[in-house]
1. Could you state the number of Å between the C-alpha centres of segment 125-194 and segment 41-119?
2. Quick one: Cα convex hull volume of segment 27-174, Å³ per residue?
3. Return one number: the angle in degrees, 0 to 90 and rounded to the nearest 10, between the long axis of the Cα atoms of helix 231-246 and the longest principal axis of the Cα atoms of the chain.
4. Would you mind computing, in nm to one decimal, how far apart the modelled labels at residue 256 and residue 243 are, each placed 7 Å from Cα along Cα→Cβ?
5. Efficiency by 1/(1 + (r/R0)^6): what FRET value for residue 69 and residue 221, r their Cβ-Cβ distance, R0 = 41 Å, to the nearest 0.05?
6. When percent of Cα pairs over 36 Å apart is calculated directly from the model, which label among [x] 19; [y] 40; [z] 35 fits?
7. Where does helix 253-265 land angle-wise versus the long Cα axis of the chain, in degrees 0 to 90, nearest 10?
8. Starting from the 7 Å offset along Cα-to-Cβ, what nm value, one decimal, do you get for the label separation of residue 284 and residue 103?
């Protein structure tokens, strides 16, 4: 078993770190909000007071953070982890930050520290069950090294060389954002026609987007949106997608439209809710979703 450092104990990081503890690894955890560490300590983890302290002596370091800005701070600020990294250590970046952020980090790492980009697809339920899809950017040899470490978290897919994992995750998340907003617009069109919402949802479950409709149906019907993928996180991803596409000159019209809907939902106060809350924003652009159900 390995000695690991795990930084970032949000909705995803906590169940992922728990899985690694259950797999028998020696795990030291750190989170900006220290109140999130006691459940991991009770489960057998050690707690560090800073990123630099967390990575000292670790075989591999895993980061699971909300934004590229948070990653930069954890890596490079005072007491950041990069200053404490030593040759032979592995940095496995599992956040969704995009390939440009991965390239920037790679340029600034100490020599002989190996960077692996391995963002995940799935929510807290999949994380707790070890059913995440993990998109790994690495050389063949490096993938072989980290695959056993990642397997307790889900299914690692080797999608290409360094940076390919971060890029693949944005490709996948484009389809998620577009699908969510397409379902919202489909229901809005159904309302225009005066169709029965329950019957329309039954029909949409049998459509090409059926799996997503099924997973979000309870939220739509109840009008409550407990967070799986938070809307503000999905909006961050769509911003990364549209900004990345703008540089080489590709025009992603659907991504831009989906980003616009998510921005409207976020302005209405739904950023802390599940991504599916955007459907209610589309259905009622005057009031937006009910944001009173703050988990």
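What follows is calculated from the coordinates using simple rules that are stated; it is not laboratory data. Bear in mind that the values here come from a model prediction, so they are computed numbers and not experimental data. Every residue, glycine as well, gets a Cβ built from its backbone with ideal geometry; the counts of neighbours run over all protein chains shown.
1. Each part's Cα centre sits 21 Å from the other's.
2. For segment 27-174, the hull spanned by Cα atoms encloses 109 Å³ per residue.
3. So the inclination is approximately 80 degrees.
4. 1.7
5. Values: r = 36 Å, r/R0 = 0.88.
With a Förster radius of 41 Å, E is 0.70.
6. The value matching this structure is [x].
7. The angle comes out at about 90 degrees.
8. Calculated label separation equals 4.5 nm.
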